[in-house]
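Reading through the structure tokens given below for one structure.
The values are calculated or read from the model by the stated rules, or taken from the named source; none is laboratory data. Everything numeric in this text was worked out from a predicted model, so none of it was measured. Cβ atoms come from the backbone with ideal geometry, glycine included; neighbour counts cover every protein chain shown. SASA here: full protein model, heavy atoms, side chains in, ligands and nucleic acids out. Shrake-Rupley method; radii C 1.70, N 1.55, O 1.52, S 1.80 Å.
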Amino acid sequence: MSERLSKVENRTNYGRHRRSYMEQSFENWLEENAISFETEVRFKNNDLNKNYFVDFFFRDKNLIIELDGTQHRNTVEYDKERDAYFENVLGISVIRITHEEYQNGSRMKEVCERLGIKSCR
């Protein structure tokens, strides 16, 4: 068992450390705007014995931003469960941005307002 788990290809979270283009782009934009954030923060849901990793956590704003690639089309219910945990149990707001919304910039006004960025792209 431990041999199986030690092999990288058998770990279900393998690749978590690799950032998507969308995540890298968003992270660069945050850094350009001098916004304080953390990436890949782990939250433990003890009731369900699950770990939740978030794309971007803004501790001082009590906000999580999740950038949802096309693979999230298959995880809608799971994502709703996660968001409910963050919002109802931890009191942390969640903004989910789909790939399409990120590409066309339709949610950036909301993001800028929540993060206190005056000039938005």
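Odds and ends about this structure:
- Condition met for PHE86 (touching an Asp or Glu at 6+ places or on another chain (Cβ under 7 Å) and either assigned to a strand (DSSP E or B) or of a type in the set (A, V, I, L, M, F, W, C) (or both)): no
- Positions within region 51-72 being polar (S, T, N, Q) and in contact with a strand residue (DSSP E or B) (Cβ under 8 Å, 6 or more places away or on another chain), in sequence order: ASN51, ASN62
- Verdict on PHE58 being surrounded by 13 or more Cβ atoms within 10 Å (Cβ to Cβ), farther than 19 Å from GLU23 by Cα and either among the aliphatic types (A, V, I, L, M) or at pLDDT 95 or above (or both): no
- Positions within region 76-116 being in contact with a helix residue (DSSP H, G or I) (Cβ under 8 Å, 6 or more places away or on another chain) and open to solvent by less than 30 Å² (accessible area, probe 1.4 Å), in sequence order: ASP79, ILE92, VAL94, ILE95, ILE97, TYR102, LEU115
- Considered as a group, the residues in region 90-120 that are assigned to a helix (DSSP H, G or I) and in contact (Cβ under 8 Å) with a residue 40 or more places away in the chain include one that is nearest to ALA34 (Cα to Cα), and that residue is LEU115.
- In region 36-50, the residues that are farther than 13 Å from ASN62 by Cβ reach residues that are outside any strand (DSSP E or B) and open to solvent by less than 50 Å² (accessible area, probe 1.4 Å) with C-beta atoms within less than 7 angstrom, at least six apart or across chains, in these pairs: THR39/GLU27; ASN45/TYR85.
- Selected residue (only one of ASP68, ASP47 is within 14 Å of ARG82 (Cβ to Cβ), among the charged types (D, E, K, R), modelled with pLDDT under 95 and exposed (fewer than 15 other Cβ atoms within 10 Å of the Cβ)): ASP47
- Restricting region 1-37 to residues that are closer than 16 Å to LEU67 by Cα and among the basic types (Lys, Arg) leaves a set whose member that is modelled with the lowest pLDDT is ARG16.
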